[in-house]
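The values are calculated or read from the model by the stated rules, or taken from the named source; none is laboratory data. In this text, all values refer to a predicted model and were calculated from it rather than measured experimentally. Ideal geometry is used to build each Cβ from the backbone, glycine not excepted, and the neighbour counts take in all protein chains shown. Areas reflect the complete protein model, heavy atoms only, side chains present, ligands, DNA and RNA absent. Shrake-Rupley method; radii C 1.70, N 1.55, O 1.52, S 1.80 Å.
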Amino acid sequence: MESIEHVFTDLDGTLLNDAGEITAYTQEVLKNCPLPISLVSARSPQAMQPLIAQLDLKAEQVAFNGALIFDEKGLLKKSPLPLSLTDRLVREIKNRYPQVNLSYFTAQDWYIEQMDERIVQEMQFTPQIPKKVDLLAHLQDLAKNETEEIFKLLLILPDDSHLEEVKQDLEALNLAEIVIQKTWTSYLEITLKSAQKSKAIAWIAQQKGLKNTALAAFGDNENDLSMLRSVGLPIAVANASLAVKKVSHYMTSSNNEEGVAKGLQKYILRET
């Protein structure tokens, strides 16, 4: 196997335990890793920053499932959703699924239309305080002023019983520019099709002149599949979905058992 030169890892359900934390052991292993490490997450840059600082990471980082690539110096690449497309999606979702809590993210802010227990729960994992607006009116203001760009739509369903049905229904709109992905138990997220984890990793690899065989990645959920398929060494945590396990070469322990740190040592650094 070709030696690994860059490591990518998902955050929630993979690097972070169920409390949303990085254990002391994981922190020690990653901080001492001689390879560059990139966090590749559905989270916003603001929600990633405390973790980047905790691990003292210097490499490129990926937010919004690939829609934003940045490092300690600033923004490197962005793939925002066109406002006209966002407007159509917001109208469709609000009309079809009034039970869904819909919100969207710009590079700096999180905009919501209703505050409920689902938003409160999500706030536990981000330092951002959501701004309550009329989403359609706000989009019209953005179109006039061109002050902000939308990078991700977040749909939080009441539970996961209708998630696949909602996903398939939205895919039936045949909007070729977007990708709809399950990122958590009852979460669907929409980004530009060019803004996927695999595309972000390919861009970083190209900048560094690395082949995909020199890349390794850890993941657990549906939105990690493109990332895992795009690297030479895909590794699933034990709590990963069956689909993720099927595309992975190895399985490490779960996110609650420091799976990324242990997998990094065993399969990449070859330490005992």
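Observations on the structure shown:
- Net charge of neighbours whose Cβ lies under 13 Å from the Cβ of Met115, counting Lys and Arg as +1 and Asp and Glu as -1: -1
- Between helix 135-145 and the chain: long-axis angle, C-alpha atoms, 0 to 90°, nearest 10: 90
- In the chain, helices alone account for a calculated mean residue ellipticity at 222 nm of -9000 deg cm²/dmol, with every DSSP H run of four or more residues adding -39,500 (n - 2.57).
- Gain on full stretching of the segment that runs from Gln124 to Ser241 - 0.36 nm per residue minus C-alpha separation: 39.7 nm
- Of the residues Asp169, Asp56, ranked by 1.4 Å probe accessible area with the largest first, the sequence reads Asp56, Asp169.
- Highest GNM mean-square fluctuation among Pro45, Pro98, Pro234, for the chain modelled with Cα contacts below 10 Å: Pro98.
- Relative to one another, the C-alpha centroids of region 163-218 and region 75-108 are positioned 15 Å apart.
- Accessible-area order (highest first, 1.4 angstrom probe) of the listed residues Asp87, Asp134, Asp224: Asp134, Asp87, Asp224
- Degrees between helix 83-96 axis and first principal axis of the chain (Cα, 0 to 90, nearest 10): 80
- Spacing of the modelled spin labels on Asp56 and Glu257, each 7 Å from Cα toward Cβ, amounts to 3.0 nm.
- Computed lengthening from Lys193 to Glu92, 0.36 nm per intervening residue step minus Cα-Cα distance: 34.5 nm
- Acute angle (nearest 10 degrees) that the helix 197-208 long axis makes with the longest principal axis of the chain, alpha-carbon atoms: 50
- Once exposed loop GluC sites (Glu not before Pro) are cut out (DSSP; at most 13 other Cβ, 10 Å), longest piece of the chain: 178-270
- Accessible surface of the chain, 1.4 Å probe, proportion on carbon and sulfur as whole %: 47
- Pairs from the table (Lys94/Lys167; Lys58/Lys152; Lys78/Lys197; Lys78/Lys131) lying more than 20 angstrom apart at Cα are Lys58/Lys152; Lys78/Lys131.
- Accessible surface ranking that places the most exposed of Met123, Met227 first, with a 1.4 angstrom probe: Met123, Met227
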